[in-house]
Amino acid sequence: MKLETKVGLFFTSSIVLMGVLIFRTEKLELGAKRNQSDRFTIFDTVAGLSLQSKVLIAGVKVGEVRTITLENGKAHVAFGLSKDVPIYGDANVSLGSIGILGEKFVDLDPGHSAKGPFPEGVPLPSKAGVSLDNLMTTLSEIGANVKGVTQALNESIGGEQGRQKLDEIVDNIRVLTAEFRSMAQENHGAINNTMANVEALTTDLRDKLPKLAQQFEAVGKNLNAILDENRPELKAVVGDVRKLASSFQGTADNLKILTDRINKGEGTIGKLLNDETTVKKINEAVDNVNNLLGGFNKMDFRLDMGAAQWDKRKDSRVGLSLDIVPRPDYWYALSFASTPDGKVSQSTQNVITIDPVTGKPVTVLQNTRSITTDQAFTVSAQFAKRLGPAVFSAGIVESKGGAGVELRTLEDDRLRFGLLAYDFTKRDDKPNPRYRFTTSYQFWKGAYIQAGLQDIDNKDLRTVFFGGGLRWKDDDLKKMMGLAGAAK
């Protein structure tokens, strides 16, 4: 063979081999497109996915990615599938990766045949798969949480104070275990005695139960013998019972005759009961009593007993109030109180002082103004109307005319803010009306605490007060009022 022919064959073989390698390297398959169907989907992100990436079903390659384009801010991925791979109506795709750092692929779930074939030209539904980026984001959030926990632990038990806390916890556990051990040792004998008593009791029952059964059997035989011996006496007792029943029958007949006479209107009682006027009056009286008692049953009575210390006057106010509540939105309030009423008094006297200019004593007329406390018994009677959380009241306030408003909040009106104005007459020692601001909080059942400011607009009489009391509903008082009304 000539040298030229050998060289030509060598180059021809090299070109064929290079072509095969290129097809293998680029994963090209001739005529593959004719045996594939075109499908596409849309992902939010396809980081790591490249052209000719695999499309897998259950880990088996069924196609490859052909194009990846950007449409409306999302990734449009087109891929080819073998025509013998059916795609059904509930199919979906997701991104996967081989290992943590392996290549990305499109994971295809073909769906179920009951849903019918998936239409062509429609994007396959996609869902987010597990990726290294998501994993790193999750690990970052976990790291931040762990850092926060360790920081909180460091702040709580770090340093000398934290070491002292741990020492106290260990000491408490040591003391607790010692107490449990001591308790168990102290009561070991008692526990053993209890178990011994239970065992003795079961032994006695096991021995005595057969004897008790024999005794019950003997008692039954004795009762049968007694019944046999006294059978004639029992027959006589039955005869007496029959006679007594006959007597009752006669009494019942007599009562029937009496009731018949009453129904016919015979006799005094019959005329009284059969007179329509009398029956009408009795029915009206019964209706009036029922209405009165029913009204009192619907009415509530609320009592409030409280006391407060007046700071400036060094005295206290004690009071008792009663709310008569026909309906939840309005009521009548009566209260009686012993109040330290402040009064301003003035006095004039001559005082000898030293003249700073001449150095000689001179007499100066000096006015002295003082505040005295007069403990007075006062009565209040007001009408209160509730509109939502606000309560408006007016009437007599501590024996003077007045009005007020109160804001009640929280469950069962436990928190209250109130402003009261009264005593609008002017005096030299009290030129302005009296205003009282009160706040109270019911902290447990009917118990409450209160604080406030008295005589806000009168400087000389102004004082702070604080105290507490009890509020409750009195059902016994309701019953007494109902019986008193019924007696009238």
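The values are calculated or read from the model by the stated rules, or taken from the named source; none is laboratory data. None of the values given here were measured: they were computed from a predicted structure. Quick reminder, even Gly has a Cβ in these numbers, built from the backbone with ideal geometry, and neighbours come from all protein chains shown.
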May I ask you to list the residues in the stretch 397-448 that are outside any strand (DSSP E or B) and in contact with a Pro (Cβ under 8 Å, 6 or more places away or on another chain)?
Asp423, Phe424
Within the stretch 147-167, is even one residue touching a residue at least 12 places away in the same chain (Cβ under 8 Å), among the hydroxyl-bearing types (Ser, Thr, Tyr) and outside any strand (DSSP E or B)?
no
Pairing a residue in the stretch 307-319 that is under 12 Å from Gln450 (Cβ atoms) with any residue that is hydroxyl-bearing (Ser, Thr, Tyr), where Cβ atoms lie under 7 Å and the two sit 6 or more apart in sequence or on different chains, gives Ala307/Ser316; Ala308/Ser316; Gln309/Ser316; Arg317/Ser338; Arg317/Thr339; Gly319/Ser335
Suppose we keep only residues that are of a type in the set (Asp, Glu) and surrounded by 15 or more Cβ atoms within 10 Å (Cβ to Cβ) within the stretch 444-460. Which one would you say is farthest from Ala421 (Cα to Cα)?
Asp460
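May I ask you to say which residue of Gly102, Gly96 is of a type in the set (Gly, Ala, Ser), assigned to a loop (DSSP other than H, G, I, E, B) and farther than 12 Å from Arg39 by Cα?
Gly102
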Which numbered condition in (1) surrounded by 10 or more Cβ atoms within 10 Å (Cβ to Cβ); (2) within 45 Å of the chain's Cα centre (by Cα) is the only one that Thr203 fails?
(2)
Listed by first then second residue, the pairs whose first member lies in the stretch 446-459 and is of a type in the set (D, E, K, R), whose partner is surrounded by fewer than 17 Cβ atoms within 10 Å (Cβ to Cβ) and part of a strand (DSSP E or B), with beta carbons under 6 Å and at least 6 positions apart or on separate chains, are none
Return the only residue of Ile191, Ile173 being over 30 Å from Leu81 (Cβ atoms), modelled with pLDDT of 80 or more, hydrophobic (A, V, I, L, M, F, W, C) and in a helix (DSSP H, G or I).
Ile173
From the list Gly99, Gly121, which residue is at pLDDT 85 or above and among the small types (Gly, Ala, Ser)?
Gly121
